[in-house]
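Data block below; observations after.
The values are calculated or read from the model by the stated rules, or taken from the named source; none is laboratory data. It should be emphasised that the depicted structure is a prediction, and the values quoted were computed from it without experimental measurement. Note that each Cβ is placed from the backbone with ideal geometry, even for glycine, and that neighbours are counted across all protein chains shown. Ligands, DNA and RNA are stripped out before the accessible areas are found, and what is left, the full protein with its side chains, is counted by its heavy atoms. Shrake-Rupley method; radii C 1.70, N 1.55, O 1.52, S 1.80 Å.
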Amino acid sequence: MDHVHAPPVPAPTFTVRNLTIAYSGNPAIKNVSLDLYPRSVTAFIGPSGCGKSTFLRALNRMNDLIPGVTTQGRILLEGEDIYAPGVDVVNLRKRVGMVFQRPNPFPMSIFDNVAYGPRIHGVTDRDRLSAIVERSLTAAALWDEVKDRLHKSALDLSGGQQQRLCIARLLAVDSEVLLMDEPASALDPISTGKIEDLIDELKNRYTILIVTHNMQQAGRVSDRTAFFLSGELIEYGLTAEVFESPRDRRTEDYITGRFG
Amino acid sequence: MRDRRRRNRLADLAGRGLLVLAAAVTVAILLALLLYVLVKGLPLVSWEFLTALPRRMGRLGGIWPTIVGTLYLSAVALGVAAPLGVAAAVYLAEYAPPGRLTRLCHFGSETLAGVPSIIFGLFGFATFVIFLGLGWSVLSGGLTLALMILPTVIRTAEEALKAVPRAYREGSLALGATRWQTVWHVVLPSALPGILTGLLLGLGRAVGETAAVLLTAGSSLTIPLSPLDPARTMSVHLYLLAVEGISLERAYATAAVLVITILLLNLLATRLVRRLTPKGGHA
Ligand SMILES: Nc1ncnc2c1ncn2[C@@H]1O[C@H](COP(=O)(O)OP(=O)(O)OP(=O)(O)O)[C@@H](O)[C@H]1O
Ligand SMILES: [Mg+2]
């Protein structure tokens, strides 16, 4: 790990202030404030149920779809409050794309899955669509496995292939931020390696936020790490520092696997 | 240990036996019914019977006008109930905020689905035939049938839409699709087989309906040309032939044609469902 030379700190992509999110009154995120930086990877770690997915889904307002969710505090995307009245949520979600914890390809062909985003955003030219599909599938390390069956159902792919398809589907849309909720939890070590290489490459262009239960993975791919516990942000900093010299005892316990 | 396993196996066997028996009895009754109608009716069915005009109230001749009437009325009923019902279901399943009004809509359609068809007939008679002045006509009958099957169409379509996994919707919305794009490109195609099944159920009811049609479309034996012409469906024809003692054999022959029509419609719809099911999709 050579994160010792920290990059100069640019203006944050997301500025989160005093964020509290509750499901029907039960808080899942409690008063969290942090800044998320562009062209870098931020990892979110913490035990199951600590609110990582909830936090991630707040950033593209996916939580709006769940009845009974209340969101307090402020989230600024490049200075603009994304929860302000009158915000174009559709455009927000186009800018802030998401890969879900469970792969969710549409019940259509592989090609149509990847072409879905460009199509709804107005691309109709067949050649251009084909080019986008090939580029996205290649980037998601799936092209070689599916290039002969592009017009077969996406539901017949293996779980790991489906997840890479969902990543390809996202890459086909020109987002600025990628939210990845445990993108590798259903993958074998080889596919996981491919995804990690991909993340490494993509971070030159995107702001990447990734949830993972795998400490090695967090250490390998991320520049910064945020540790959550029961909805609270316990520690947030450069990955090298969080892993090598955590300030909080609970972070250390969790990272070293001594957590109850 | 071994004993228990044996007991389990026996119970499994007995359970399976009962299920097979139940299935066999059901199929046997259905087959018997079909065979009975076909055996009694088919000998009289000929090309002439299908294509000729009836003479002497149906004692002689064929049933051509009633075939036309049946198809005509069903087309009007489906043509009205399908778009209206599916649109209502999309609203209820995808847009309506959960609350008083939505619950009221559900209650309404559930109650309407259980209302006897003769009530729809009376309503159609009062509204379309008399009040709107459409008289006994294909339009009055078709609209009445549309109202009658609407609750079924709405409820099955809504169930089908609700069965579409939330993950599909989230996946689409997360790519920056609008609500409507999501419904149109992802949700509706996935729900299509279920929706079609509901339409088919409605069609079956419409084709088989007698009383409500008699009250609203009349029982004229001429071929209906305009939607404002009165018409007689096969079901009505068969009912009148039998009840007025005109000709029981011809009633059976009409019944045979009716049954075959419904079978054909079912086959067609199953084909359609299979064609339209999303590739490798869940049905
Ligand atoms: N739809 C929901 N309705 C009610 N409560 C929810 C809902 N989703 C999550 N929660 C609750 O909010 C808390 C945080 O959940 P969240 O899914 O964000 O955790 P997580 O850190 O992503 O966990 P995991 O690592 O298991 O995915 C949990 O207590 C969970 O039970
Ligand atoms: Mg989660």
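Within the stretch B:211-283, which helices (runs of 4 or more DSSP H) (wholly inside it) include 1 or more residues that are touching a Ser or Thr at 6+ places or on another chain (Cβ under 8 Å) and of a type in the set (Phe, Trp, Tyr)?
B:234-243
Give the residues of the stretch A:54-66 that are within 9 Å of ligand 1 (Cβ to nearest atom) and either touching a helix residue (DSSP H, G or I) at 6+ places or on another chain (Cβ under 9 Å) or modelled with pLDDT under 95 (or both), sorted by residue number.
Result: A:54, A:56, A:57, A:63, A:66.
Which one of these is closer than 25 Å to residue A:131 by Cβ, not in a helix (DSSP H, G or I) and not β-branched (Val, Ile, Thr): A:178, A:198, A:170?
The conditions single out A:178.
Check off (1) under 23 Å from residue B:199 (Cβ atoms); (2) modelled with pLDDT under 90 for residue B:117 and give me the number that stays unchecked.
Here residue B:117 clears every test but (2).
Among the listed residues A:105, A:85, which satisfies the condition of being within 30 Å of residue A:21 (Cβ to Cβ) and at the interface with chain B (Cβ under 8 Å from one of its Cβ atoms)?
Within the list A:105, A:85, the selection yields A:105.
Taking the condition away from ligand 1 (no atom under 16 Å from the Cβ), more than 11 Å from chain B (Cβ to nearest Cβ), part of a helix (DSSP H, G or I) and open to solvent by 20 Å² or more (accessible area, probe 1.4 Å), does residue A:144 pass?
Spelling it out, residue A:144 is indeed away from ligand 1 (no atom under 16 Å from the Cβ), more than 11 Å from chain B (Cβ to nearest Cβ), part of a helix (DSSP H, G or I) and open to solvent by 20 Å² or more (accessible area, probe 1.4 Å).
Which condition number does residue A:166 fail, the rest of (1) closer than 27 Å to residue A:38 by Cβ; (2) within 13 Å of another protein chain (Cβ to nearest Cβ); (3) open to solvent by 10 Å² or more (accessible area, probe 1.4 Å) being met?
Residue A:166 satisfies every listed condition except (3).
For the stretch B:24-40, state whether one or more residues are part of a loop (DSSP other than H, G, I, E, B) and touching a Phe, Trp or Tyr at 6+ places or on another chain (Cβ under 8 Å).
So far as the stretch B:24-40 goes, no, none of its residues is part of a loop (DSSP other than H, G, I, E, B) and touching a Phe, Trp or Tyr at 6+ places or on another chain (Cβ under 8 Å).
For the stretch A:50-68, enumerate the residues that are open to solvent by 10 Å² or more (accessible area, probe 1.4 Å), more than 13 Å from ligand 2 (Cβ to nearest atom) and part of a helix (DSSP H, G or I).
Listed by number, the residues that qualify are A:64, A:65.
Within the stretch A:28-49, can you find the residues that are away from ligand 2 (no atom under 16 Å from the Cβ) and either in a strand (DSSP E or B) or within 14 Å of chain B (Cβ to nearest Cβ) (or both)?
A:30, A:31, A:33, A:34, A:35, A:36, A:41
For residue A:163, only one of the following conditions fails: (1) touching a Pro at 6+ places or on another chain (Cβ under 9 Å); (2) assigned to a loop (DSSP other than H, G, I, E, B). What is its number?
(2)
Which members of the stretch A:108-126 meet the condition of being small (Gly, Ala, Ser), more than 9 Å from chain B (Cβ to nearest Cβ) and either crowded, with 20+ Cβ neighbours inside 10 Å or in contact with a helix residue (DSSP H, G or I) (Cβ under 6 Å, 6 or more places away or on another chain) (or both)?
Hit for the stretch A:108-126 is A:115, nothing else.
At pLDDT 85 or above, open to solvent by 70 Å² or more (accessible area, probe 1.4 Å) and either of a type in the set (Phe, Trp, Tyr) or not assigned by TED's automatic domain parsing to the domain that holds residue B:221 (or both): does that describe residue B:33?
When the stated conditions are applied, residue B:33 passes them.
Any chance you could count how many residues in the stretch A:59-77 are on the phi < 0 side of the Ramachandran plot and without any contact (Cβ under 8 Å) to a residue 40 or more places away in the chain?
Residues meeting the conditions: 4.
Exactly one condition in (1) away from ligand 1 (no atom under 15 Å from the Cβ); (2) crowded, with 21+ Cβ neighbours inside 10 Å; (3) touching a residue at least 60 places away in the same chain (Cβ under 8 Å) is false for residue A:15; which is it?
(2)
Output the residues belonging to the stretch A:207-235 that are part of a loop (DSSP other than H, G, I, E, B) and either buried (at least 22 other Cβ atoms within 10 Å of the Cβ) or within 16 Å of ligand 2 (Cβ to nearest atom) (or both).
Result: A:212, A:213, A:214, A:222, A:230, A:231.
Can you pull out the residues in the stretch A:171-206 that are within 16 Å of ligand 1 (Cβ to nearest atom), open to solvent by less than 10 Å² (accessible area, probe 1.4 Å) and not acidic (Asp, Glu)?
Those that are within 16 Å of ligand 1 (Cβ to nearest atom), open to solvent by less than 10 Å² (accessible area, probe 1.4 Å) and not acidic (Asp, Glu): A:179, A:180, A:183.
Can you find a residue in the stretch A:69-80 that is open to solvent by less than 60 Å² (accessible area, probe 1.4 Å), within 16 Å of ligand 2 (Cβ to nearest atom) and more than 15 Å from residue A:227 (Cβ to Cβ)?
So far as the stretch A:69-80 goes, yes, one or more of its residues are open to solvent by less than 60 Å² (accessible area, probe 1.4 Å), within 16 Å of ligand 2 (Cβ to nearest atom) and more than 15 Å from residue A:227 (Cβ to Cβ).
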